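*Asks:* Encoded as structure tokens, here's the structure I'll be asking about.
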Amino acid sequence: MTPPPPVGPYTPVVRSGEWIVCSGQVGLANGSLVGGGVKGQVTQAIANLAGLLESEGAGLADVVKTTVFLTHIDDYAAMNEAYVTAFGDHRPARSAVAVAGLPIGALVEVEAWARVPS
């Protein structure tokens, strides 16, 4: 899967030795935010992260830390459902915070750090 191009002037994924840092991803596919509310957007955002990781020879199982940004903290439970489905039994460290707004009207954004030993 090819992740969408960035929505701003930044690099979507950077590798530094064993570390891979993925910029925050929103639920963007084919140039538009996906439907399904926060669950749909979380699912797509994590799929976009997976695509970035794959481009560096890694996967979701290599993720050690995520940060989730929500425009509505009341969406926390719904985000958790989609997050657990996407990550399966893997549980990276995580922070989740409410923010005033996100690019392109997204409801959620997810960033990730991964480690792949050489």
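*Asks:* Failed condition for Pro6, given (1) out of contact with any Pro (no Cβ under 8 Å at 6 or more places or on another chain); (2) not in a strand (DSSP E or B), with all others met?
*Replies:* All conditions pass for Pro6, except number (1).
*Asks:* Then there's this: Given the condition buried (at least 17 other Cβ atoms within 10 Å of the Cβ) and without any contact (Cβ under 8 Å) to a residue 60 or more places away in the chain, answer yes or no: does some residue in segment 15-28 qualify?
*Replies:* For segment 15-28, residues buried (at least 17 other Cβ atoms within 10 Å of the Cβ) and without any contact (Cβ under 8 Å) to a residue 60 or more places away in the chain: absent.
*Asks:* Scanning segment 104-118 for residues that are open to solvent by 60 Å² or more (accessible area, probe 1.4 Å) and on the phi < 0 side of the Ramachandran plot, which turns out farthest from the chain's Cα centre (by Cα)?
*Replies:* Ser118
*Asks:* So, Gly105, is that one out of contact with any Lys or Arg (no Cβ under 9 Å at 6 or more places or on another chain) and more than 17 Å from Pro3 (Cβ to Cβ) or not?
*Replies:* The answer is yes for Gly105.
*Asks:* Within segment 40-69, work out how many residues are of a type in the set (Gly, Ala, Ser), open to solvent by 40 Å² or more (accessible area, probe 1.4 Å) and not in a helix (DSSP H, G or I).
*Replies:* Number satisfying all stated conditions: 2.
*Asks:* Next question. Report yes if some residue within segment 81-101 is open to solvent by 40 Å² or more (accessible area, probe 1.4 Å), closer than 17 Å to Val7 by Cβ, over 12 Å from the mean Cα position of the chain (by Cα) and not hydrophobic (A, V, I, L, M, F, W, C); otherwise report no.
*Replies:* Checking segment 81-101: at least one residue is open to solvent by 40 Å² or more (accessible area, probe 1.4 Å), closer than 17 Å to Val7 by Cβ, over 12 Å from the mean Cα position of the chain (by Cα) and not hydrophobic (A, V, I, L, M, F, W, C).
*Asks:* Looking at Gly37, is it closer than 21 Å to Asp75 by Cα, touching a residue at least 60 places away in the same chain (Cβ under 8 Å) and surrounded by fewer than 18 Cβ atoms within 10 Å (Cβ to Cβ)?
*Replies:* Taking the combined requirement at face value, the residue satisfies it.
*Asks:* Could you pull out the residue among Gly24, Gly57 that is modelled with pLDDT of 95 or more, more than 13 Å from the chain's Cα centre (by Cα) and not polar (S, T, N, Q)?
*Replies:* Gly57
The values are calculated or read from the model by the stated rules, or taken from the named source; none is laboratory data. Remember, predicted model here, so these are calculated numbers, not experimental data. Because the Cβ atoms are built from the backbone with ideal geometry, glycine has one as well, and the counts that use them run over all protein chains shown. Note: areas computed on protein heavy atoms with side chains; ligands, DNA, RNA excluded. Shrake-Rupley method; radii C 1.70, N 1.55, O 1.52, S 1.80 Å.
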